[in-house]
Each structure stands twice: as C-alpha cells, then as structure tokens.
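I have a structure here, written as structure tokens, and I will follow up with some questions on it.
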Amino acid sequence: MSSGDATDRGPGRRGKVDRILDEYDLEGVEEELVEGWTREGADRRSLRDLAAYFNKQLLAEVLDRHGVGSVATDVETVYRELEGEGASDGSRTRTHRQLEREGVDASSLLDEFVSHTAVRTFFRNRDVSRPDGDTDRVATEAGHIQQLQNRTAVVTEDKLESLDETERIQVGDFRVFVDVQVFCEDCQQQYDVTELLEARYCSCHSP
C-alpha cells in the first residue's frame with residue numbers, strides 16, 4: 001500500500017487521492033476517474049488502470065512544475081522505470097538520478113503515487129458506484145470460480161485413482177477438497193474466495 005492510503009473512509013472523508021488532487025491542482029482528473037469507473041461496456045476501466053492513470057497525471061504535473069526537459073519526453077517510460085515495471089535496475093537508477101539532477105525528489109514522488117486501494121476509497125467517499133449490472137458480474141464470476149474448483153477436484157480425484165490402480169501410489173478411500181484462499185497484503189487477512197465474493201470487501205474496506 002502506498003504511503004497515506006490508509007485514511008478515514010466514508011462520505012465526506014478525505015483520502016490520499018483527494019489530497020493530491022487539491023495539492024497538485026490536477027484539473028479534470030477527478031472527472032476522468034469517475035467517468036472511467038462508471039462507463040458502460042468493455043471500455044470500463046479497472047481500479048488498477050485508474051490508479052496508473054492518476055499517477056501518470058501526477059508525474060506529468062511534477063515534471064512540468066520543475067521544468068524538466070529531456071527526461072519528460074515520455075511520461076509512460078519514466079513512470080514504468082520509476083515503478084520498476086519491466087525496467088532493469090540500471091535504467092531505474094538512471095531515471096532516479098536524472099530526476100534528482102532536475103530537482104525532483106524521486107523517492108518522495110513515488111510515495112505520492114496511489115494504489116488501486118486509494119482509488120477505491122476515493123469512489124466510496126463519493127458514493128460513486130458502478131451500474132447495478134456489476135453486482136450480477138460478481139455472482140457470475142463466483143459461479144465460474146466454483147466450477148473451476150469442482151473441475152480441479154474431479155480431475156485430481158481421477159488422477160489419484162489412476163495412480164492408485166496402477167500401484168504407483170498407495171492410498172485408502174479418499175476425498176479431494178479444493179480450497180482457494182485470498183490473502184490481502186494491506187489488511188494481512190486471509191479469506192476463502194467464495195466468502196470474499198459474497199461479502200464483496202475485505203477488512204480494509206468494511207463499512
């Protein structure tokens with residue numbers, strides 16, 4: 001979780017995204033976040049996509065404020081190298097040094113980048129939600145996951161029986177259970193995937 005993501009939640013509360021919007025005067029970004037989250041169809045953007053979009057807008061603003069020249073020619077590349085996404089340690093270090101020479105504190109800038117969790121909090125604080133059909137999507141995906149679990153259990157049972165029958169292994173009467181667990185690194189809690197989908201949130205975001 002990025003620094004400052006864990007803020008008070010609920011209508012009227014301010015989070016990290018709000019603070020940065022105000023502090024850096026990122027005009028139009030709030031509207032883009034809401035529109036990207038609530039739009040219909042395949043063009044709808046995920047929380048992670050919107051977090052990356054937000055961070056790139058912040059990066060562009062910081063570079064512009066510092067009058068950064070050549071290093072700012074490709075915000076996408078600078079962002080990837082700062083985040084370490086597919087970038088080598090050497091290229092990331094070079095980008096950090098370039099920014100430092102231009103007066104940009106790269107480490108502090110990274111701390112200002114938001115996570116998808118912060119973007120979710122931003123929407124919850126505004127009571128912004130996706131269309132009702134999104135709830136049906138949760139139920140649909142839960143069904144798909146259950147089918148995969150059942151299929152995995154059946155295939156595993158068949159393989160074990162075959163190995164047992166050919167005396168490659170020895171096992172008594174058995175049953176196969178497939179248990180998918182989800183561990184949230186933010187709240188350090190582990191959940192059964194079905195229970196998590198039924199609740200629709202983890203401890204980080206409990207009302």
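Read-outs throughout are calculated quantities, based only on the coordinates presented, and are distinct from any laboratory measurement. What you see is a predicted model, and the numbers here were worked out from it, not measured in a lab. Note that we place each Cβ from the backbone using ideal geometry, even for glycine, and neighbour counts take in every protein chain shown.
At 25 °C and 0.890 mPa s, grab the translational diffusion coefficient of the chain from Stokes-Einstein with a Kirkwood Rh over Cα pairs, rounded to a whole number in µm² per second.
Details: Rh = 20.4 Å.
Roughly 120 µm²/s, to the nearest whole number.
Please find the FRET efficiency linking Arg65 to Ser91, where r is the Cβ-Cβ separation and R0 is fixed at 25 Å, and quote it to the nearest 0.05. If you can, show how the numbers build up before the last one.
Numbers: r = 24 Å, r/R0 = 0.95.
Efficiency, rounded to the nearest 0.05: 0.55.
Please give the helix 29-38 orientation as an angle from the longest Cα principal axis of the chain, in degrees from 0 to 90, rounded to the nearest 10.
The angle comes out at about 20 degrees.
Region 114-207: which GluC sites (Glu not before Pro) are DSSP loop and have at most 15 other beta-carbon atoms within 10 angstrom? If you can, show how the numbers build up before the last one.
Working: sites: Glu141, Glu157, Glu161, Glu165, Glu167, Glu185, Glu195, Glu198; in loops: Glu167, Glu185.
Answer by residue number: Glu167, Glu185.
Nothing charged except the Cβ atoms of Lys and Arg (+1) and of Asp and Glu (-1): what's the magnitude of the dipole of the chain about its Cα centre? Round to the nearest 20 debye. If you can, show how the numbers build up before the last one.
On the way: 26 positive and 45 negative charges, 59 e Å.
So the magnitude is around 280 debye.
With springs connecting C-alpha atoms under 10 Å apart, model the chain as a Gaussian network and identify which of Leu163, Leu63, Leu33 has the largest mean-square fluctuation.
Result: Leu163 has the largest fluctuation of those listed.
Starting from the Cα-Cα distance between Tyr24 and Ser108, subtract it from 0.36 nm times their residue separation and give me the gain in nm to one decimal. Intermediate values should be presented prior to the final figure.
On the way: separation 84, 0.36 × 84 = 30.24 nm, distance 1.40 nm.
Taking Tyr24 through Ser108 to full extension adds about 28.8 nm, to one decimal.
So what is the relative contact order of the chain, in percent, for Cα pairs below 8 Å that sit 6 or more residues apart? Before the final figure, lay out the partial values.
Working: 187 pairs, mean separation 47.4, N = 207.
Here the relative contact order equals 23 percent.
What's the longest bit of the chain with no exposed chymotrypsin sites (Phe, Trp or Tyr not before Pro), using DSSP loop states and at most 15 other Cβ atoms within 10 Å as the test? Walk me through the numbers before you get to the answer.
On the way: sites that count: Phe174, Phe177, Tyr201.
Result, exposed sites excluded: 1-173.
For region 16-125, what is the Kirkwood hydrodynamic radius in Å, using each pair of distinct C-alpha atoms? List each step's numbers first, then the result.
On the way: mean 1/r = 0.0684 Å⁻¹.
Computed over region 16-125, the radius equals 14.6 Å.
When the Cα atoms of region 133-205 are enclosed in a convex hull and the volume is divided per residue, what value in Å³ results? Write down the numbers at each step before the final one.
Values: hull volume 7.6 nm³, N = 73.
Convex hull volume per residue, Cα atoms: 104 Å³.
Could you tell me the calculated FRET efficiency between Gln147 and Arg200, based on Cβ-Cβ distance and R0 = 22 angstrom, to the nearest 0.05?
Values: r = 20 Å, r/R0 = 0.91.
So, using R0 = 22 Å, E works out to roughly 0.65.
When only Cα pairs under 8 Å and 6 or more residues apart are kept, what is the percent relative contact order across region 16-125?
Numbers: 90 pairs, mean separation 35.8, N = 110.
About 33 percent, as a whole number.
Roughly how compact is region 92-193, stated as its Cα Rg over 2.2 N^0.38 Å to two decimals?
Numbers: Rg = 24.1 Å, N = 102, 2.2 N^0.38 = 12.8 Å.
Compared with the compact-globule rule of thumb, region 92-193 sits at 1.89.
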